[in-house]
Amino acid sequence: MNILIVDDDRIDRETIVRALSRSDILCNITQVDMVDRALEVLAHTAFDVVLLDYNLPQRNGIELLIELKSMPAKENTVVIMMSTSKEDKLAISSINAGAQDFLVKTEINAFRLQRAIANAQVRASLEKELLRSHQRTKELAERDNLTGLANRYYFDESLCHEIKKQQREQSNLALLLIDLDYFKFVNDNYGHDIGDQLLIAVTKRITSCLRGSELFARLGGDEFAITLTNLESAFSASNVAKRIIESLQKPFEIGSHIISSGASIGIALCPSDSTNVKELFKYADIAMYRSKSDGRNQFCFFEAKMQEIFLENFLIENQLRHALTNNDFYLLYQPVISSKSGKIIGVEALIRFDIEGLSQRPDIFIPVAEKSRLIIDIGRWVITEAVKQLSAWQGKQGSTLTMSINLSSIQLTDEGLIEHIKSTLIAHHIDASQIEFELTETALLVEQENSTKMIHNISHLGCKISLDDFGTGFSSISHLHRFPINTVKVDKSLMPSALPKDNTKPFLTGLVVMIQSLELDVIAEGIETEIDLNLCLKLGVNKMQGYYFDKPLSVNELENRYF
Ligand code: C2E
Ligand code: CA
Ligand code: CA
């Protein structure tokens with residue numbers, strides 16, 4: 001047995017060593033005289049017993065005891081506190097701090113020491129047992145035995161807590177209730193063992209759809225619940241629900257059985273549906289039954305309006321996928337006019353696709369493309385197509401137009417974007433300086449670190465960067481400074497024609513003066529009337545774009561009018 005004696009009194013230490021040598025205990029003894037030394041030897045040696053003097057210089061025995069108890073590797077070390085004082089209070093506080101026994105120094109002899117050590121070891125193992133069973137009881141109360149997920153009790157408690165937190169932080173939360181389709185059939189036909197294994201397999205698949213920060217519970221039977229917090233929008237919840245349903249599509253192999261098991265999901269939102277746990281559960285439940293009765297293996301929002309928007313977006317998303325595979329997208333080009341010469345100096349590429357002869361509006365389908373991340377592929381197509389077109393014009397006209405291409409914030413997370421731009425430029429012999437990427441301020445603010453890096457990389461390629469829709473969002477000068485921006489596009493809503501008389505003139509004037517003072521290029525968008533034009537000329541805006549000159553045009557139209 002390894003024993004450590006911590007005592008600053010040499011005579012006392014000798015007394016203890018003598019007592020130990022007279023006992024039946026076979027031991028190695030290490031002696032130190034202060035807390036810091038004790039910590040040093042404890043760091044590299046495992047001791048079975050520490051005989052610890054209460055009164056030590058600098059730091060007393062209790063301090064060592066507390067440090068020792070916080071070291072996980074020392075849980076098998078028992079501590080017997082010793083003091084010259086017979087005071088009960090001292091003994092009690094030592095035991096409370098984690099000592100297994102207490103000895104009065106003047107009473108130490110071989111028999112008492114041997115008994116104290118034996119008692120302390122028994123007590124230590126009982127304490128460990130108690131701790132273990134305590135943890136087990138707590139787990140039983142909070143965990144579902146079969147899947148290891150949180151149980152209903154724990155889920156309810158946590159949901160209450162989360163709702164309060166989200167309200168304080170003014171963020172959104174979604175409750176998803178998930179019910180397996182035809183689970184009863186599995187239980188009845190294959191038996192409960194197979195049913196149990198299916199539940200475990202389902203749990204695994206659903207877990208793989210989550211980030212890990214969500215609260216995920218099995219409420220009982222084949223019913224599961226998930227709480228999603230800090231939602232950007234309701235559609236983040238639908239994305240998770242969609243992923244879960246997709247993850248359950250593939251049949252499960254359980255024993256010798258192949259079992260298909262879909263799920264129906266109901267979604268309720270807090271605060272928009274309710275801020276009350278019971279009500280949220282009720283609404284999610286109603287939504288879940290709606291999913292079931294609508295044909296299972298799908299999800300529903302409680303709020304009908306949400307469902308409508310979701311279905312609409314879902315339709316658009318499918319149309320976009322279709323357009324992408326069928327190469328149905330095309331670009332229109334809106335001329336950018338030089339104020340000085342009145343001639344075309346560039347174009348902005350604007351994407352379109354038609355359904356049944358009707359041109360679809362990008363301000364409706366682009367947000368859907370962003371949410372589904374289809375914008376990454378669509379955006380790459382736009383870059384290729386626009387560069388290809390510029391190259392064609394260059395060959396025909398020898399012109400040096402600039403091509404402006406809109407970039408979405410999501411595209412700034414596309415790790416292959418730089419390579420794509422680079423290779424496209426090379427393939428079509430286009431100089432990087434002829435391409436101008438348009439970003440909005442919001443794009444600069446999303447995922448700042450990555451997007452900043454990406455914007456700098458684009459700029460390093462030699463492409464220009466312009467800030468689109470300036471004057472609608474934050475319009476912060478700091479952004480103009482922090483990013484490598486060449487041009488600012490003043491938003492069309494600031495033009496006199498867009499607003500009641502004289503409402504915006506001072507604002508527009510102020511913005512333009514500010515941008516010019518930073519020596520940045522200005523483009524005024526949405527020039528519709530002579531009044532817009534004259535104001536911009538007066539302000540010294542050097543480039544202009546708008547219906548006054550032309551709407552976005554097809555290649556043919558543009559060539560006919562300008563070349
Ligand atoms: P934006 O980048 O601000 O594009 C300018 C929009 O203003 C275009 O709408 C254009 O047709 C319209 N416009 C031009 N001149 C005038 C005018 O004088 N008056 C008025 N009222 N409007 C004018 P469009 O083509 O419908 O595009 C809407 C938005 O969709 C774009 O706004 C842009 O944010 C996005 N978008 C379009 N194409 C793409 C694309 O290829 N990629 C990405 N990421 N976004 C795109
Ligand atoms: Ca634009
Ligand atoms: Ca714009």
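Among residues of the range 464-491 that are assigned by TED's automatic domain parsing to the domain that holds SER404 and open to solvent by 30 Å² or more (accessible area, probe 1.4 Å), those with a Cβ under 6 angstrom from a residue that is in a loop (DSSP other than H, G, I, E, B) and within 15 Å of ligand 3 (Cβ to nearest atom), sequence gap 6+ or separate chain, pair up as ASP469/ASP491; THR472/ASP491. Here LEU332 clears all of (1) touching a residue at least 60 places away in the same chain (Cβ under 8 Å); (2) hydrophobic (A, V, I, L, M, F, W, C); (3) more than 20 Å from THR424 (Cα to Cα) except the condition numbered (3).
Candidates ILE458, ILE426, ILE435: the one that is away from ligand 3 (no atom under 16 Å from the Cβ), without any contact (Cβ under 8 Å) to a residue 12 or more places away in the chain, in the same structural domain as ASP532 (by TED's automatic domain parsing) and not small (Gly, Ala, Ser) is ILE426. Take the residues in the range 385-397 that are open to solvent by less than 60 Å² (accessible area, probe 1.4 Å) and not hydroxyl-bearing (Ser, Thr, Tyr), then tell me which one is nearest to ligand 3 (Cβ to nearest atom). Here the answer is ALA386. Looking only at the range 54-101, residues that are free of Cβ contacts under 8 Å to residues at least 24 places away in the same chain and among the acidic types (Asp, Glu) come to 3 in all. Scanning the range 485-538 for residues that are in a loop (DSSP other than H, G, I, E, B) and farther than 30 Å from SER459 by Cβ returns LEU499, PRO500, LYS501, ASP502, ASN503, THR504, GLU528, THR529.
This table checks each residue for (1) within 26 Å of the chain's Cα centre (by Cα); (2) outside the structural domain of THR413 (by TED's automatic domain parsing); (3) more than 16 Å from ligand 2 (Cβ to nearest atom); (4) without any contact (Cβ under 8 Å) to a residue 60 or more places away in the chain.
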{"position": "LYS278", "(1), (2), (3), (4)": "no, yes, yes, yes"}
{"position": "ASP285", "(1), (2), (3), (4)": "no, yes, yes, no"}
{"position": "TYR289", "(1), (2), (3), (4)": "no, yes, yes, yes"}
{"position": "SER293", "(1), (2), (3), (4)": "no, yes, yes, yes"}
{"position": "GLU317", "(1), (2), (3), (4)": "yes, yes, yes, yes"}
{"position": "SER339", "(1), (2), (3), (4)": "no, no, yes, no"}
{"position": "ILE344", "(1), (2), (3), (4)": "no, no, yes, no"}
{"position": "SER359", "(1), (2), (3), (4)": "no, no, yes, yes"}
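Residues in the range 365-384 that are within 16 Å of ligand 2 (Cβ to nearest atom) and either buried (at least 19 other Cβ atoms within 10 Å of the Cβ) or in contact (Cβ under 8 Å) with a residue 24 or more places away in the chain (or both): PHE365, ILE366, ALA369, GLU370, ILE375, ILE378, GLY379, VAL382, ILE383. Restricting the range 308-352 to residues that are of a type in the set (Asp, Glu) and within 28 Å of TRP393 (Cβ to Cβ) leaves a set whose member that is nearest to ligand 3 (Cβ to nearest atom) is GLU348.
Going through (1) closer than 30 Å to GLY191 by Cα; (2) of a type in the set (Asp, Glu); (3) open to solvent by 80 Å² or more (accessible area, probe 1.4 Å) one by one, GLU232 falls short only on (1).
Yes/no matrix, rows are residues, columns are (1) of a type in the set (Asp, Glu); (2) loosely packed, with under 13 Cβ neighbours inside 10 Å; (3) within 52 Å of the chain's Cα centre (by Cα):
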{"residue": "VAL6", "(1), (2), (3)": "no, no, yes"}
{"residue": "ARG10", "(1), (2), (3)": "no, yes, no"}
{"residue": "VAL17", "(1), (2), (3)": "no, no, no"}
{"residue": "SER21", "(1), (2), (3)": "no, yes, no"}
{"residue": "THR45", "(1), (2), (3)": "no, yes, yes"}
{"residue": "LEU52", "(1), (2), (3)": "no, no, yes"}
{"residue": "ASN60", "(1), (2), (3)": "no, no, yes"}
{"residue": "LEU65", "(1), (2), (3)": "no, no, yes"}
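Number of residues in the range 333-352 that are open to solvent by less than 30 Å² (accessible area, probe 1.4 Å) and within 11 Å of ligand 1 (Cβ to nearest atom): the value is 7. Can you pull out every residue in the range 110-151 that is more than 24 Å from ILE95 (Cβ to Cβ) and among the polar types (S, T, N, Q)? Within the range 110-151, ASN145, THR147, ASN151 qualify.
Confirm whether THR452 is within 13 Å of ligand 1 (Cβ to nearest atom) and at negative phi. In short, no. The set of residues in the range 411-437 being within 16 Å of ligand 1 (Cβ to nearest atom) and either among the acidic types (Asp, Glu) or crowded, with 21+ Cβ neighbours inside 10 Å (or both) consists of GLN411, LEU412, ASP414, ILE421, ILE435, GLU436, PHE437. In the set LYS396, LYS453, only one residue is more than 13 Å from ligand 2 (Cβ to nearest atom), of a type in the set (Lys, Arg) and under 29 Å from the mean Cα position of the chain (by Cα); that residue is LYS453.
Against the list (1) free of Cβ contacts under 8 Å to residues at least 40 places away in the same chain; (2) open to solvent by 40 Å² or more (accessible area, probe 1.4 Å); (3) among the hydrophobic types (A, V, I, L, M, F, W, C); (4) not in a strand (DSSP E or B), the condition ILE258 fails is (4).
Yes or no: THR440 in contact with a strand residue (DSSP E or B) (Cβ under 7 Å, 6 or more places away or on another chain), open to solvent by less than 40 Å² (accessible area, probe 1.4 Å) and of a type in the set (S, T, N, Q)? Criteria not met by THR440.
Checked against the criterion of being under 21 Å from PHE437 (Cα atoms) and open to solvent by 40 Å² or more (accessible area, probe 1.4 Å), the candidates LEU499, LEU553, LEU518, LEU537 yield just one match: LEU518. Among the residues of the range 98-113, those identified as open to solvent by less than 60 Å² (accessible area, probe 1.4 Å) and farther than 18 Å from MET71 by Cα are ASP101, PHE102, LEU103, VAL104, LYS105, ILE108, ALA110, LEU113. When PHE474 is tested against (1) away from ligand 2 (no atom under 14 Å from the Cβ); (2) outside any loop (DSSP other than H, G, I, E, B), only condition (2) is not met.
Looking at SER238, is it under 23 Å from the mean Cα position of the chain (by Cα), closer than 15 Å to GLN298 by Cα and of a type in the set (S, T, N, Q)? Considered against the rule, which asks whether it is under 23 Å from the mean Cα position of the chain (by Cα), closer than 15 Å to GLN298 by Cα and of a type in the set (S, T, N, Q), SER238 comes out as yes. Looking only at residues in the range 291-308 that are open to solvent by 60 Å² or more (accessible area, probe 1.4 Å) and assigned to a helix (DSSP H, G or I), the one that is farthest from SER260 (Cα to Cα) is LYS305.
The values are calculated or read from the model by the stated rules, or taken from the named source; none is laboratory data. Remember, predicted model here, so these are calculated numbers, not experimental data. Don't worry about glycine lacking a Cβ; one is built from the backbone with ideal geometry, like all the others, and counts go over all protein chains shown. When the accessible area is computed, the model is the full protein with side chains, heavy atoms only, and any ligands, DNA or RNA have been set aside. Shrake-Rupley method; radii C 1.70, N 1.55, O 1.52, S 1.80 Å.
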